[in-house]
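The values are calculated or read from the model by the stated rules, or taken from the named source; none is laboratory data. Note that the coordinates shown come from a computational prediction; the quantities given were computed from them, not determined experimentally. Glycine gets a Cβ as well: all are built from the backbone with ideal geometry, and neighbour counts include every protein chain shown.
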């Protein structure tokens, strides 16, 4: 750039390279000192188009045009839809607006059961079971040529339902099929499908502490014995021994926080009696005159200090005292 033509030739001869002009391809992109027109990017766009076309052929089957129809050359995504769609339809109820995303036969869009279950005789003659409400209204029913008497009776009733259905602009609505009928979301679906469980009292106390998040998470894990103590790591084959570095006994949560010499001194100074049985952290009684919610926060803080003292011993070979833990 900005070189005299005679100097260009001399430089090209010295370097053994040809003289070219911009734009130049660099790492597959057109390189130029000025703004290029869209036509300069045509080779790159064609390359993207070829790659995306291959992905479309691999992931999106063009054989099934109806809602949930994966019968023709199902792709990986089609198989996921085929597996989960029946459950989705079972827990939801549709409100038809445009009718483009509601299956006439298989979705629950009228009071009661889907039309496929209400009129099994005619449904057994349907050739497009996944057709949407809009498709049936605009194109008509897709049926086998000869119908049974029962199918003809069902067809008359279904035709009446379709005639009475009015479509408008907008998206069909999908709600959870429950008395409250909230709009569909993964959260609402999870609540519907998950069995009701009693509330976890330990979790409620832990998450309600007015402490940093890391201390709240720690206190919950300590209460349910899910901390990475040596005993837990040894049980998972993640440690060569379960022995605690301070006293050469198994490092369980119970031993580390209540039975070890350092922990025992801490609770003696606090005037707290430790039960011999298994217990939840939050069952420990507060000292006289201390409110329960304040005691829970203080208890979690003491356990956090004991855990930090343990880590200081394990990783830094530094022993701690009661004063260090309670300061």
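Descriptive notes on the structure:
- Members of region 20-29 found to be in contact with a helix residue (DSSP H, G or I) (Cβ under 8 Å, 6 or more places away or on another chain) and surrounded by 10 or more Cβ atoms within 10 Å (Cβ to Cβ), listed by number: 23, 29
- Conditions (1) over 23 Å from residue 150 (Cβ atoms); (2) touching a residue at least 12 places away in the same chain (Cβ under 8 Å): number failed by residue 86: (2)
- Of all residues making up region 189-223, the number that are part of a loop (DSSP other than H, G, I, E, B) and either under 20 Å from residue 292 (Cβ atoms) or at pLDDT 95 or above (or both): 6
- One residue alone among 102, 92 is in contact with a helix residue (DSSP H, G or I) (Cβ under 6 Å, 6 or more places away or on another chain), touching a residue at least 24 places away in the same chain (Cβ under 8 Å), under 23 Å from residue 192 (Cβ atoms) and crowded, with 18+ Cβ neighbours inside 10 Å, and that residue is 102.
- Residues within region 248-277 that are touching a residue at least 12 places away in the same chain (Cβ under 8 Å) and farther than 19 Å from residue 302 by Cβ, tallied: 1
- For region 216-248, taking the residues that are surrounded by fewer than 18 Cβ atoms within 10 Å (Cβ to Cβ) and in contact with a helix residue (DSSP H, G or I) (Cβ under 6 Å, 6 or more places away or on another chain), the one that is farthest from residue 322 (Cα to Cα) is identified as 239.
Matching residues to (1) over 22 Å from residue 203 (Cβ atoms); (2) assigned by TED's automatic domain parsing to the domain that holds residue 238; (3) touching a helix residue (DSSP H, G or I) at 6+ places or on another chain (Cβ under 9 Å):
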{"position": "250", "(1), (2), (3)": "yes, yes, yes"}
{"position": "253", "(1), (2), (3)": "no, yes, yes"}
{"position": "271", "(1), (2), (3)": "yes, yes, no"}
{"position": "296", "(1), (2), (3)": "no, yes, yes"}
{"position": "299", "(1), (2), (3)": "no, yes, yes"}
{"position": "303", "(1), (2), (3)": "no, yes, yes"}
{"position": "315", "(1), (2), (3)": "yes, yes, no"}
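- Filter pass, residue 231 being more than 21 Å from residue 296 (Cα to Cα) and touching a residue at least 40 places away in the same chain (Cβ under 8 Å): no
- In this structure, residue 262 does satisfy being under 26 Å from residue 317 (Cα atoms), surrounded by 13 or more Cβ atoms within 10 Å (Cβ to Cβ) and at pLDDT below 95.
- Residues of region 278-327 satisfying the condition of being within 22 Å of residue 241 (Cβ to Cβ) and touching a residue at least 60 places away in the same chain (Cβ under 8 Å): 307, 310, 313, 314, 319
- Selection within region 134-160 - over 39 Å from the mean Cα position of the chain (by Cα) and assigned to a helix (DSSP H, G or I): 149, 150, 151, 152, 153, 154, 155, 156, 157, 158, 159, 160
- Selection status of residue 52, farther than 30 Å from residue 77 by Cβ, surrounded by 10 or more Cβ atoms within 10 Å (Cβ to Cβ) and within 38 Å of the chain's Cα centre (by Cα): no
- For region 284-327, the set of residues classified as in a loop (DSSP other than H, G, I, E, B) and surrounded by 15 or more Cβ atoms within 10 Å (Cβ to Cβ) consists of 284, 286, 320, listed by residue number.
- Condition met for residue 172 (surrounded by 17 or more Cβ atoms within 10 Å (Cβ to Cβ), in the same structural domain as residue 94 (by TED's automatic domain parsing) and either in contact with a strand residue (DSSP E or B) (Cβ under 8 Å, 6 or more places away or on another chain) or closer than 30 Å to residue 280 by Cβ (or both)): yes
- Those strands (runs of 3 or more DSSP E) of region 21-123 in which 3 or more residues are at negative phi and at pLDDT 85 or above occupy 92-95.
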